[in-house]
Amino acid sequence: MKQVRSRFLLVIGILIGWNCVGPEDPIDGLLDDLPAIVNTADAFTFNLKGHNFSFEEEYTISMKPDSNSVLTTSLIVTNWTGNDTSRIFMINSGDTTYAWFQITGNLTYTSTDSLSTDTRYYPTKLLFEGSNFSGTMQFSLFKK
């Protein structure tokens, strides 16, 4: 009788576990407060859906642009709320900031730049920092 009862409980446990439901998948593919990063030879993307999220992230980019490259930079911020300031710094091989973005609200920015032979304008690192960021940030850097 004890063996039958144990098997019955095992079967019931399996059936209950089989029918358990996990959390809903996010519609946009982003989890709150967890940046999604792509860092390849041709592109770098940083996507974030934050909710009062503070962060400081630095990435060495994998792409190696040259004077024949065209770089497209895109920054889209939506659903921004709060009074925080977030920043993105583009850093060159000499560890000097040569371009930066300040985020204080919703925005859409896109630029396409041909690179010169002056390597001071070639990005090697990106620094992302924010304090209590709430909203969705999509930053992309593409090499053509």
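The values are calculated or read from the model by the stated rules, or taken from the named source; none is laboratory data. Quick caveat, the model's predicted, so the values are computed rather than measured. Don't worry about glycine lacking a Cβ; one is built from the backbone with ideal geometry, like all the others, and counts go over all protein chains shown.
Output the strands (runs of 3 or more DSSP E) that fall wholly within region 33-104 and possess 1 or more residues being within 15 Å of Ser131 (Cβ to Cβ) and modelled with pLDDT of 90 or more, or say none. Lay out the reasoning, then the answer.
Working: elements: 36-39, 43-60, 70-81, 86-91, 97-103.
Answer list for region 33-104: 43-60, 70-81, 86-91, 97-103.
Among residues belonging to region 105-122 that are assigned to a loop (DSSP other than H, G, I, E, B) and modelled with pLDDT of 90 or more, point out the one that is surrounded by the most Cβ atoms within 10 Å (Cβ to Cβ).
Within region 105-122, the subset assigned to a loop (DSSP other than H, G, I, E, B) is 105-106, 115-118, 122.
Of the ones still in play, those that are also modelled with pLDDT of 90 or more are 105-106.
Details: Gly105: 9, Asn106: 13.
Per the stated criteria, the residue is Asn106.
Among Thr96, Thr110, Thr119, Thr104, which is out of contact with any Ser or Thr (no Cβ under 8 Å at 6 or more places or on another chain) and free of Cβ contacts under 8 Å to residues at least 40 places away in the same chain?
Exactly one of Thr96, Thr110, Thr119, Thr104 is out of contact with any Ser or Thr (no Cβ under 8 Å at 6 or more places or on another chain) and free of Cβ contacts under 8 Å to residues at least 40 places away in the same chain, namely Thr96.
Given the conditions (1) modelled with pLDDT under 90; (2) surrounded by 15 or more Cβ atoms within 10 Å (Cβ to Cβ); (3) out of contact with any Leu (no Cβ under 6 Å at 6 or more places or on another chain), report the number of the one that Thr136 does not fulfil.
(1)
Which pairs do you get when a residue that is farther than 13 Å from Ser140 by Cβ, found in region 73-91, comes within reach of a residue that is surrounded by 15 or more Cβ atoms within 10 Å (Cβ to Cβ) and of a type in the set (A, V, I, L, M, F, W, C), reach meaning Cβ atoms under 6 angstrom, with the pair 6+ apart or on two chains?
Asp84/Phe133; Ser86/Ile103; Ser86/Phe133; Phe89/Leu127
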